[in-house]
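Computed from the coordinates by the stated procedures, all read-outs in this text should not be read as laboratory data. Note that the coordinates shown come from a computational prediction; the quantities given were computed from them, not determined experimentally. Heads up, the Cβs are rebuilt from the backbone with ideal geometry, glycines too, and the neighbour counts pull from every protein chain shown.
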Amino acid sequence: MKMGFTILSINILNSIFIRNLSIIYIVIVILTGCAHTEPSKFYVLSPIKDTAPPSVLAAGEKYIIGVGPITFPKYLNRSQIIRFSSDNEVVIEEFHRWAEPIEQNFSRVLRTNLSRLLASSYAIEYPWKRSMNVHFQVVLDIHQFEVGPDGTVSLNAHWSMFNLLKNKKHEIVRTFNYNKRLGETNYSKIVALQSQALENLSQDIAKEIQKHIEQ
């Protein structure tokens, strides 16, 4: 009788031990899976290449361009890159992120572009010190800067230019639209197209400023 009880006890203990081992194994598998989560990738917009020779950049009078304020839709105010999966549904990409706030990245690249496109000018960030003799101010209202449900990369905005040499005269107001379909969800290519869109916007702004410089 005692031997039968002892064998039964051993079997019960073995069963409990095996069950606990199974639980431990499952926990290890889960933790191992978590440890191998895909790392996040980080992106920045890229400016145009500086092709002007240094002698040109250093020559002549310098016009100061003040860039800002720039307003963005609030839903873009996050570190993750977003895309639309439908007209009303937004996908927030946890593993594809901006390396710096998109408003700052956009402004920095725009200023760099304008400084490189206009050899006689350089651009500074809003707000600037009163002591800065700013000649032209560019104000932007960004309506869209994302990828749509069909893979179209869009940059749609209104921008204005003020000639501060003429008592803040409101010189021009323009609408800018850039829409190019990529057809795939590849974030390196998406950000490259967004950089191209910003380059095109920079070129439009630079052309208008150059017209006023030459007047």
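Overview of results
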quantity	calculated
All positions within region 96-127 that are among the aromatic types (Phe, Trp, Tyr) and either crowded, with 19+ Cβ neighbours inside 10 Å or under 27 Å from Ser79 (Cβ atoms) (or both)	Trp98, Phe106, Tyr126
Residue in region 186-205 that is in contact (Cβ under 8 Å) with a residue 24 or more places away in the chain and in contact with a His (Cβ under 8 Å, 6 or more places away or on another chain) present	yes
Scope region 128-152; condition surrounded by 15 or more Cβ atoms within 10 Å (Cβ to Cβ), out of contact with any helix residue (DSSP H, G or I) (no Cβ under 7 Å at 6 or more places or on another chain) and among the polar types (S, T, N, Q); matching residues	Gln144, Thr152
Selection from region 136-192 of residues that are assigned to a loop (DSSP other than H, G, I, E, B) and of a type in the set (D, E, K, R)	Asp150, Lys168, Glu184
Meets criteria (under 21 Å from Tyr75 (Cβ atoms) and in a helix (DSSP H, G or I)) for Leu198	yes
Filtered residue count, region 153-190, keeping only those that are within 22 Å of Asn77 (Cα to Cα), surrounded by fewer than 16 Cβ atoms within 10 Å (Cβ to Cβ) and of a type in the set (Ser, Thr, Tyr)	2
